[in-house]
Amino acid sequence: MEVAQIKADSPAAGGSAVCISSGEEALRIARELLPEIEAADASYDADRHVADEIVQKIGAAGLFGIVMPKNLGGSELGFADLVRVTAEFGTASGSTAWVYGVLAGHSWLINLFPEQAQREVMRDAFTLIATVFRLGGTVVEVDGGYQLTGGSGRFCSGIDYADWVIIGNAVKKADGSAEPRFFVVPKSDIEVIDDWHTMGMRGTGSRSIRIDEAFIPAHRSCSLADMLAGSTPGARMHSGAIYRMPFTNVAPFSIIGAPLGLARGMARNFAEHIGARLAEAEPLAVAEQSATLARIGEASAEIDAALALVLANAEMVDRAQDPADISPLDSARISRDWAWAAQTARHAANRIFEASGGSSIYEGQRMQQMFRDVNSSAQHFAFTWDSAMTAYGRIAAGLKANGFALPKGNR
């Protein structure tokens, strides 16, 4: 396959980007940031915003480019590395993990678009991109591109830091048919609606957006059919097979680390709390806590198993040399395991919360905030248990798969 070459110091590569050589290095960098991330998280319920300086430090460390191709200034690592880093951030801050995963994952998504769009959007490798997978309104084909009117959508995670937003909609054809497509629009075309008042994940600031009217040049669009088939225009620019993977096989890898990390952080924090309380206790007092200690062990095992399952799938995608290497059953299993992992982490975290005592219900208690965050993050449509399990069962039973439809919002 012919691959377009972009020099590392070219404008399209954003020459000053930091490239990370390995997943181990990425994880080490992430862990060095954890104390600052955890300290900042305490204000996120009130601020409804991840601190700008935290986002800036993550960017300066090169972590947003973890799955961005090297010829655009990224590190071109794998989705398994993205999951590990996101989960690590999640142990300290669910909102930071979510915002990080979304913005880092979108550096993969933009690479499905035509070369001109990639060069235009990623002329600076520090560019950040948000999404609304289902934007309302009307899109029609016009000379040179598309005209969008009356667009609005919810759950635009990362909008506070983004320079561009990728949106999903369907183009109305003259014959009455509709063609689902994705578009990338500059933030300058977008009005942000401050409506993010939620039970949890408040720091993500995932507010709604509105686009009253915008012209979108043809090169800033990509068909959903190509994205599902792994045959997008962007595939011609990059040698890595991960840039030819079907959209549905990889997108939620960017966010699954958030609930997994949150659950792991809750179990770890509770274990440390119990340990400190029982450090000088008599043997009988320790023995009386056996059920609680066993609860920590069981919950931790479930969280570790959930993370291991997701990582195994991500590594399978990272190893693949071609989209055809991922069978229909593999694809269904990937989606099944996202949902299973998120809900398993949620239930494990809830059992930890049950044992954390009455003081945990007070405002300002870290355990309470993490409890709300893990349950909120597990509400994402990609983690819907019933549909994911049914879809896998259909494929496993040899039945026809259901068609893909754009969801109503990012969650």
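How many times 2.2 N^0.38 Å is the alpha carbon radius of gyration of region 27-81? All intermediate terms of the calculation are to be shown ahead of the outcome.
Numbers: Rg = 13.1 Å, N = 55, 2.2 N^0.38 = 10.1 Å.
Compactness ratio reported: 1.30.
Across all directions, the shadow cast by the convex hull of region 308-402 built on its C-alpha atoms averages 7.5 square nanometres. Per-residue 3J(HN,Hα) values for region 304-309, derived from phi via the Karplus relation 6.51 cos²θ - 1.76 cosθ + 1.60 with θ = phi - 60°, read 4, 5, 4, 5, 4, 5 Hz in sequence order (x marks Gly and Pro).
Given a 1.4 angstrom probe, I'd like the percentage of the accessible area of region 260-411 that is carbon and sulfur, rounded to a whole number.
Working: 4260 of 7610 Å².
Roughly 56 percent, rounded to a whole number.
Taking 0.36 nm per residue of separation and subtracting the current Cα-Cα distance, fully stretching the chain between SER43 and GLU141 would add 30.8 nm.
Considering Cα pairs under 8 angstrom that are at least six residues apart, work out the relative contact order of region 81-229 and quote it in whole percent. It would help to have the intermediate numbers written out before the result.
Numbers: 295 pairs, mean separation 37.8, N = 149.
Answer for region 81-229 is 25 percent.
In this calculation the C-beta distance from ALA225 to ALA60 is compared with R0 = 35 Å, giving a FRET efficiency of 0.40. For region 183-196, putting each phi into the Karplus relation 6.51 cos²θ - 1.76 cosθ + 1.60 with θ = phi - 60° gives couplings of 9, 10, 10, x, 4, 4, 8, 10, 9, 8, 9, 7, 10, 7 Hz, in residue order, rounded to whole numbers and with x for Gly and Pro.
One compactness figure for the chain is 0.99, namely its Cα radius of gyration divided by 2.2 N^0.38 Å. All Cα-Cα distances of region 23-121, cut into 10 Å bins from zero to the largest, leave 16, 49, 27, 8, 0 percent in each bin in turn.
From the largest down, region 278-332 spans 60, 18, 7 angstrom on the principal axes of its Cα atoms.
If you take all C-alpha pairs in region 158-296, what percent of them are over 22 Å apart?
Numbers: 6065 of 9591 pairs.
Here the tail beyond 22 Å accounts for 63 percent of pairs.
For region 119-130, the Karplus equation 6.51 cos²θ - 1.76 cosθ + 1.60, evaluated at θ = phi - 60°, returns couplings of 5, 5, 6, 9, 4, 10, 5, 8, 4, 10, 10, 9 Hz by residue, with Gly and Pro reported as x. Most simply put, the chain has about 80% antiparallel DSSP beta bridges, counting only bridges with both residues inside it.
Which number comes out as Rg/Rh for region 244-316 once both Rg and the Kirkwood Rh are worked out on C-alpha atoms? If you can, show how the numbers build up before the last one.
Details: Rg = 17.3 Å, Rh = 14.4 Å.
Radius of gyration relative to Kirkwood radius: 1.20.
I need the per residue convex hull volume for region 57-180, using only the alpha carbons, in cubic angstrom as a whole number.
Details: hull volume 14.6 nm³, N = 124.
Value for region 57-180: 118 Å³ per residue.
The C-alpha atoms of the chain define a longest principal axis, and helix 328-354 lies at about 30 degrees to it.
Translational diffusion of region 214-338 was estimated from the Stokes-Einstein equation, with Rh taken as the Kirkwood radius over Cα pairs; at 37 °C and 0.692 mPa s the coefficient is 183 µm²/s.
When you count, for each residue, the other Cβ atoms within 10 Å and take the mean per peptide, how do 268-274, 281-287, 204-210 rank with the highest first?
Values: 268-274: 16.1, 281-287: 9.9, 204-210: 22.1.
Descending mean neighbour count gives 204-210, 268-274, 281-287.
According to the calculation over all Cα-Cα pairs in region 120-214, the P(r) per 10 Å bin from zero is 16, 46, 29, 9, 1 %.
Considering all C-alpha pairs of region 207-252, those separated by over 17 Å amount to 48%. Here the simple spin-label model places points 7 Å from the Cα toward Cβ, and for ASP195 and ALA397 these points are separated by 3.8 nm.
Proximity of backbone amide H atoms, modeled 1.01 Å from N, is registered between VAL171 and GLU179, ARG181 at under 5 Å, excluding neighbours fewer than 5 places apart on the same chain.
The values are calculated or read from the model by the stated rules, or taken from the named source; none is laboratory data. Predicted model only: the values in this text are computed from it and were never measured. Neighbour counts are summed over all protein chains in view; Cβ atoms, including those assigned to glycine, are modelled from backbone coordinates with ideal geometry. Areas reflect the complete protein model, heavy atoms only, side chains present, ligands, DNA and RNA absent. Shrake-Rupley method; radii C 1.70, N 1.55, O 1.52, S 1.80 Å.
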